[in-house]
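These notes are about the structure you will find just below.
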């Protein structure tokens, strides 16, 4: 059995949620290596553990450790709840040593489906990261290379790699990606965001409590530049048409919300009083989806919503 020493303090939780993603990831992995804590589940079976490659100049340290939803908190106490929100199923972790204090840690998180792996990746991805074509999408920062591929989210952290940092992490990531044997595709709904004025690498999937509301249970989102201001666009996903309508009714019917205005274009405009900017939300249902844009520019909102509707039909996500 491999012993994994981990503990996740409150200060580290703040670093993950509030600090730069790359720095937070590096800090987290360092803390896992140094702090006393729990024993991991021994990984004796094939499957997830078969994704760890042999790397020239590197030796695996013991057997891989495997964690499930029942004991993920032993590895990332404090952040486990976020991962579980994204339908986390299993984590396999392998450490490597390269001599002279050089080390690598490879973490492979398996989620229920593609959108969940993309979702957790998108929550930790920095907007101004250095992006790479590894797996479906990767980003690199010194000591860190993370990517997602199919239902897998992979985090690779290196220590004392010096001038070999990028080369070593890239090689390890490419070898893992090859073993996963997944197609490099994003969730299909993301293709429905119109490309005009969209800010690159801001797309994300939010699995629960969108905008802090429990009834807005999931959404895809992306940032747009409208008239020099950054605007967030949402595609809320309902289980069916009635579920989308239920989300709509609960949102516009929030206590204290000023009377919504329904335009001739069928878009409902109202102010979400919990948003500090008080910029109007422009909202319209389309099949099982609820489309929303935070902006005072009604024409821009209509253009984006109509473009999303057209793309949803093109991808046969609505009729």
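Determine the gain in length on full extension of the stretch residue 265-residue 199; use 0.36 nm per residue of separation and subtract their C-alpha separation, reporting nm with one decimal. If you can, show how the numbers build up before the last one.
Details: separation 66, 0.36 × 66 = 23.76 nm, distance 2.58 nm.
The span from residue 265 to residue 199 would gain 21.2 nm if fully extended.
In the frame of its principal axes, the stretch 188-314 has Cα extents of 35, 32, 28 Å, reported largest first. As a ratio to 2.2 N^0.38 Å, the alpha-carbon radius of gyration for the chain is 1.09. Only DSSP H runs of four or more residues enter the estimate; each adds -39500 (n - 2.57), and after division by the residues of the chain the mean residue ellipticity at 222 nm equals -8500 deg cm²/dmol.
For 128, 297, what ranking results if the residue with the fewest other Cβ atoms within 10 Å of its Cβ goes first?
On the way: 128 9, 297 17.
Least to most surrounded, the residues fall as 128, 297.
What do you get for the angle between helix 165-180 and the principal long axis of the chain? Use alpha-carbon atoms, 0 to 90 degrees, nearest ten. The answer is roughly 80 degrees.
Ordering 233, 271, 189 from the fewest to the most neighbouring beta carbons within 10 Å gives 271, 189, 233. Computed from Cα atoms, the angle from the helix 241-252 axis to the main principal axis of the chain rounds to 80 degrees.
To the nearest ten degrees, helix 114-124 and the longest principal axis of the Cα atoms of the chain are 80 degrees apart.
If the chain between residue 191 and residue 315 were fully stretched, how many nm would it gain, using 0.36 nm times the residue separation less the Cα-Cα distance?
Details: separation 124, 0.36 × 124 = 44.64 nm, distance 0.85 nm.
Residue separation times 0.36 nm, minus the Cα-Cα distance, leaves 43.8 nm.
Neighbour counting of Cβ atoms within 10 Å sorts the residues 234, 148, 73, fewest neighbours leading, into 73, 234, 148.
Each value in this text was obtained by applying a stated rule to the coordinates, not by laboratory testing. Quick caveat, the model's predicted, so the values are computed rather than measured. Because the Cβ atoms are built from the backbone with ideal geometry, glycine has one as well, and the counts that use them run over all protein chains shown.
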